[in-house]
Every structure is written in structure tokens, then in C-alpha cells.
Amino acid sequence: MPAFLVKGGNILEGEIAVGSSKNAALPALASSLLFRDSPHFLNLPEIEDIKRMNELISSADNQGGVDLEIAKRFRASILAVGPLLARFGKASFPHPGGCVIGARPIDVFINGWEIMGGKLIESGKTEGGNMIYSIEAKESLKGCDYTFKVQSVTGTEGIIMTALLANGQTTLRNCAMEPEIIYLAEFLNNNGADIRGAGTTEIVVTGRAGKLLNAIAPFSVPPDRIEAGTFLILGALAAKSLEIKNINQRELASLFAALGEAGVNIIDTKNGVIVKKPEKINAVNIKTKEYPGFATDLQAPFSILATQASGQSLIHETIFEGRLSYAEDLNRMGAKVALMDPHRALITGPTPLYGRELQSPDLRAGLAYVIAALIAEGESKIGNIYQIDRGYEKIDERLRMIGADIRRIES
Ligand code: EPZ
């Protein structure tokens, strides 16, 4: 199994460009099932989740079936189900897998599909034990008025895509407001759809009564705001001067505020920003929230910063209950992380970190471990890096370019 070997302590310097956004590309790719012909994608990131989504879409048949083994491997496979149901009147899919960061239910999707006229059947289990569902609409799907129980990013994207081919108008309330939803709606609108309100909590979709979209305008994948935020944190921890290019600052306002409070100075340049390690990092409390709040995907990397801050930082994870699972590993590295309950960790710093053998728990915490290893004394070995490759393109090569000592090995 491949692993990363990381020698800590190097001072980082130079420039790094932010890659294309996984979470913007995934729904746009899934939406190609709503097109008569194939839409064109520019700047697709070369990462494992995108490969899986392409494989999944290619495996789709005109009965709404997909390769269940591929689908169960990544959570975002659920994004293909709405388009399949909308186009073929039925879809079968397993309970999706992916990061182990919490319960990850799919009820907001199912409730939405049922209100539009779909009927769900549980039809057995995959070999790995995932429940397999099939959903079928006997008549054409009907536009509806649907309020999400919780603000869900992929839930909002999935129901928009389903409503697009339904009969009549759909009004969605309590929608998630993440930028990826705006990108998806703009892409679909550029190709003939009528979706209004993306980026607000109320979205109105005009149903096309089964009429597929014609590919006119390509989707150019925007920069990944989570990768950009993670590089900012890395720069604040380890850089003499790190220029981050291809960054959309507007999408990172909550992180900028937290870094400002921590005493990290970020300077605008022509192509991005420059960040450097401050003399002292202040402790900062953060609470993850739906956009535009502090992104849950930046919580683990920010916690590494908190281990180097003077004083106590309270990290409050409100979105997922399994996202503080790094506490034990960080403590083994020398951090002082006290878990108050499944949602809150108190981190006392600064504490030196020491290289250890680690297993990447999920995508975002995996890169946080790489950051911890880069500032630690000695060598770390990080396993289960498929999780990191799911979302970050050639991360080892790009980090080496700014002075990091990181190697990919077959262990
Ligand atoms: C998206 O996941 C992202 N994934 C996640 O990034 C991100 O962490 C998350 O949004 C929150 O920002 C993609 O965009 C592909 P949610 P998603 O539905 O849509 C609850 C990464 O590493 N909920 O917005 O699956 C859920 O339990 C990933 O790139 C229900 O209760 O997250 C959570 O508490 C990890 N019922 C809350 O909603 C449902 O049916 C928000 O989750 C669905 C969700």
C-alpha cells in the first residue's frame, strides 16, 4: 500500500497554485446525465474521486442502473441518482461510502425524490454490506415545494438536478448556499436550464418535462477553496514566504477572519496572496458552520494551527460528529487535544510535534496529518493515502516544489 514519508522541519518557500475544485467538478460531471450529448469540461482535477465519477457515469444504463461496486466507494455517487431518476424514471444505487466522518444519511435526497413522485424500495445488500436501493417513478416526476430538513450541499445539488427534468416548477427552501451550488446552477443555466436563487436558501427550478439539455457552454472547474485554505494554514505554520496563486479569497472569508485573529498576516499580490509564519500564533476558537461560515473541511487543518498557537483554542465541529477523530493521533505526536464531547475539542498550545506512524482517517484530516508531519521533528509515515489522493492532485510533488520533504513510497 502506498504511503507518504515526511521529514519535518523544512522552511517552506516559493509559490503554489491551487488545483481545481473536487466538489464543484463532481456535481457538474453527474449532471452530464441530464444532457442529450456530452458537455465539455475544462480543468478537471486528476484525482481519484473524479475518476470514480467518470467510471460511474460510463457504467450507467438506460434503466437507471450503475455499477454498484463503484458507487459504494464514494459518497458523491449519490449525485448521479437524481439525474438517473429524472432521465429514466428509475435508478438503483447502494448507500454511498466515502469518508468516515459521521453517519452521512441520505434522507434529504429520498424525501425530495418521494415528494416528486419516486417510490423507494430497499432491495438487498452489496457484498460489503451496503444497503441497495431502487427508486422508481411510475409517472413523470412532478415539480414540488420542498423544504430541506437540514442544509445539505449535495442534497441541494441532487434535488436541483432531479427537478430540472420534472413537470412544472420546483421551489426548494432551506437550501445550502455553498459556492459549488452556484457553479452547478450557472453551468446548467448556460446550457438552457432555468434555475434561480442558487447561493440563497430558496431556489426555484423550472422543470423541462423530460427535455434533455443540449451541450452549449463548457464547465470550467473553479479553484478548490478547501485546498486554498489548507495552503494558507500550511504557509502560516511553516513558510518563510508562500505565494498562493489561483485563490478565490471571497470564498474563504471565515478562514481569513480566523487567521487574522490568530495573528497571521496575508498580503495580496497580483496573482493571489502571500502568507508567512508569524512570530507568534494566537489561540482562536472556531465553530464550523454551513457556508459562509467556517468550513468543516478546513477544521482539521486549522486544528494543526491551533496546536502551535499560544493558549487554548476551542474547536467546535457542528456539521459532522466523526470529524475530531484525529485527537488521539495528534496527541501521540505531542499535541494537547482534549475531547470535550464528539463535537468539541480543546487544544492547548504551543506544543512541539514529533514524527509518528499515522493512518489517514479521511481526505481532509489526511492532508492535516501531512501538515502536522511537515512541522514535526523527525520522520512520519502516513498510510491510507488513497484518502488524500481522492481529493488533492499530486500533492506530494507540489509540496516538494515549495521545499517540503515528502516522498511517496510503496510500503
Ligand atoms: C459536502 O458533503 C461535501 N462533499 C463535503 O466534503 C463537506 O464536508 C460537506 O458538504 C459539508 O460542507 C461534496 O461536496 C462532494 P451535507 P455532503 O449533506 O453534501 C446532514 C470532502 O472531503 N445530512 O451538506 O455529503 C449531514 O449528516 C467532503 O470533500 C442529513 O442529515 O454534506 C451533515 O450533518 C467531506 N441527511 C449535514 O447534513 C442527508 O440526507 C450537512 O451535510 C444529508 C445530509
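The values are calculated or read from the model by the stated rules, or taken from the named source; none is laboratory data. Remember, it's a predicted structure, so these values are computed and weren't measured experimentally. When we count neighbours, we look across all protein chains shown, and the Cβ atoms used for this are built from the backbone with ideal geometry, even at glycine. In case anyone asks, the SASA skips ligands and DNA or RNA and just uses the protein heavy atoms, side chains included. Shrake-Rupley method; radii C 1.70, N 1.55, O 1.52, S 1.80 Å.
Does any residue of segment 194-211 turn out to be assigned to a loop (DSSP other than H, G, I, E, B), surrounded by fewer than 20 Cβ atoms within 10 Å (Cβ to Cβ), of a type outside the set (Phe, Trp, Tyr) and assigned by TED's automatic domain parsing to the domain that holds residue 399?
There is no residue in segment 194-211 that is assigned to a loop (DSSP other than H, G, I, E, B), surrounded by fewer than 20 Cβ atoms within 10 Å (Cβ to Cβ), of a type outside the set (Phe, Trp, Tyr) and assigned by TED's automatic domain parsing to the domain that holds residue 399.
Test of understanding: among 71, 76, 91, 25, which residue is within 30 Å of residue 248 (Cα to Cα), in contact with a strand residue (DSSP E or B) (Cβ under 9 Å, 6 or more places away or on another chain) and either in contact (Cβ under 8 Å) with a residue 12 or more places away in the chain or open to solvent by 30 Å² or more (accessible area, probe 1.4 Å) (or both)?
From the options 71, 76, 91, 25, the qualifying one is 25.
Among the helices (runs of 4 or more DSSP H) lying completely within segment 223-316, list those that include at least 2 residues that are of a type in the set (D, E, K, R) and surrounded by 23 or more Cβ atoms within 10 Å (Cβ to Cβ).
Here the list reads 225-238.
Only one of 124, 129 is within 24 Å of residue 342 (Cβ to Cβ), of a type outside the set (Asp, Glu) and more than 16 Å from the ligand (Cβ to nearest atom). Can you tell me which? Walk me through it before giving the result.
Numbers: 124 fails: within 24 Å of residue 342 (Cβ to Cβ).
Exactly one of 124, 129 is within 24 Å of residue 342 (Cβ to Cβ), of a type outside the set (Asp, Glu) and more than 16 Å from the ligand (Cβ to nearest atom), namely 129.
Working carefully through the options 390, 356, 332, find the one that is out of contact with any Gly (no Cβ under 6 Å at 6 or more places or on another chain) and within 16 Å of the ligand (Cβ to nearest atom).
390
Of everything in segment 317-326, what is open to solvent by less than 10 Å² (accessible area, probe 1.4 Å) and more than 12 Å from the ligand (Cβ to nearest atom)? Give them in sequence order.
Those that are open to solvent by less than 10 Å² (accessible area, probe 1.4 Å) and more than 12 Å from the ligand (Cβ to nearest atom): 324, 326.
Take residue 137 and decide whether it is farther than 30 Å from residue 360 by Cα, out of contact with any strand residue (DSSP E or B) (no Cβ under 9 Å at 6 or more places or on another chain), small (Gly, Ala, Ser) and more than 15 Å from the ligand (Cβ to nearest atom). Give the steps one after another, and end with the answer.
Values: farther than 30 Å from residue 360 by Cα: yes; out of contact with any strand residue (DSSP E or B) (no Cβ under 9 Å at 6 or more places or on another chain): no; small (Gly, Ala, Ser): yes; more than 15 Å from the ligand (Cβ to nearest atom): yes.
Considered against the rule, which asks whether it is farther than 30 Å from residue 360 by Cα, out of contact with any strand residue (DSSP E or B) (no Cβ under 9 Å at 6 or more places or on another chain), small (Gly, Ala, Ser) and more than 15 Å from the ligand (Cβ to nearest atom), residue 137 comes out as no.
Can you name the residue in segment 130-169 that is out of contact with any Gly (no Cβ under 9 Å at 6 or more places or on another chain) and not charged (D, E, K, R) and is also surrounded by the fewest Cβ atoms within 10 Å (Cβ to Cβ) among such residues?
Here the residue is 150.
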